[in-house]
Amino acid sequence: MLKQIFVVMMMLVSFSGVYALDAAYYQKLQHKSDSYNQNVDKLPGIIKFLFGNEKINIELTACQSACDIGLQTSDGRIISLSQNPIPNPTVKAQMKESTLKTLLDSTDSRTDFANALKSGEIDFQGVGLIKKIKLGVIKQILKFVL
């Protein structure tokens, strides 16, 4: 019985990092969010238009699992960040966990973000017909702008 409890505990410990972004990177994400909010007025208008007032779920794909990060924006600023998905998202994004970690460790996040969008490492879709059309058009524009 003790052996079974030990095995279950080890499984929980080993899988806990798989299903959630580890604490160090979540802190980096919070720091980048704060920095983003302080510099939101310097962003191109298209970014504010694209993600200005949204509920965004970001699915981080890993080798054998996925976890979600939820964030909510208002007037271009990030007002909420969570290690859980947000109910009723308006935008869904996907990227590898390694892509997020690369962006968080980057000294030039803006360029690296643009490159990740261009290369398809980051993908996003609107939820609902209007959002799908809006983001579909934006994706096509970004191919030429980035």
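The values are calculated or read from the model by the stated rules, or taken from the named source; none is laboratory data. Keep in mind the model is a prediction, meaning the values are calculated, not measured. Methodologically, a virtual Cβ is constructed for each residue, glycine included, from the backbone with ideal geometry; neighbour enumeration extends over all protein chains shown.
Details
- Test result for ASN57, of a type outside the set (Phe, Trp, Tyr), surrounded by 16 or more Cβ atoms within 10 Å (Cβ to Cβ) and at pLDDT 85 or above: yes
- Under the condition of being touching a Ser or Thr at 6+ places or on another chain (Cβ under 6 Å) and at pLDDT 90 or above, the residues counted in segment 112-130 number 2.
- Test result for ILE138, outside any helix (DSSP H, G or I) and either aromatic (Phe, Trp, Tyr) or in contact with a Leu (Cβ under 9 Å, 6 or more places away or on another chain) (or both): no
- Residue within segment 86-97 that is over 19 Å from LYS42 (Cα atoms) and assigned to a helix (DSSP H, G or I) present: yes
- Single condition ASP112 does not satisfy, out of (1) buried (at least 16 other Cβ atoms within 10 Å of the Cβ); (2) within 11 Å of the chain's Cα centre (by Cα); (3) not basic (Lys, Arg): (2)
- Residue selection: LEU50 fails the criterion of being modelled with pLDDT of 85 or more, surrounded by 12 or more Cβ atoms within 10 Å (Cβ to Cβ) and in a helix (DSSP H, G or I).
- Where a residue in segment 20-42 is free of Cβ contacts under 8 Å to residues at least 40 places away in the same chain and its partner, wherever it lies, is among the charged types (D, E, K, R), with Cβ under 9 Å and at least six apart: VAL40/LYS48; VAL40/ASP75; VAL40/ARG77
- Among (1) outside any helix (DSSP H, G or I); (2) without any contact (Cβ under 8 Å) to a residue 40 or more places away in the chain - the single one LYS118 does not satisfy: (1)
- Meets criteria (acidic (Asp, Glu), under 16 Å from TYR26 (Cα atoms) and either in contact (Cβ under 8 Å) with a residue 12 or more places away in the chain or surrounded by 17 or more Cβ atoms within 10 Å (Cβ to Cβ) (or both)) for GLU97: yes
- Flag if ILE79 is buried (at least 17 other Cβ atoms within 10 Å of the Cβ) and outside any helix (DSSP H, G or I): no
- Criterion violated by ASP41 - all others in (1) closer than 20 Å to ALA116 by Cβ; (2) modelled with pLDDT of 65 or more satisfied: (1)
- Within segment 67-116, the set of residues being touching a helix residue (DSSP H, G or I) at 6+ places or on another chain (Cβ under 8 Å) and of a type in the set (Gly, Ala, Ser) comprises GLY76, SER106, SER109, ALA116.
- Options GLU97, GLU59; residue that is among the acidic types (Asp, Glu) and touching a Lys or Arg at 6+ places or on another chain (Cβ under 9 Å): GLU59
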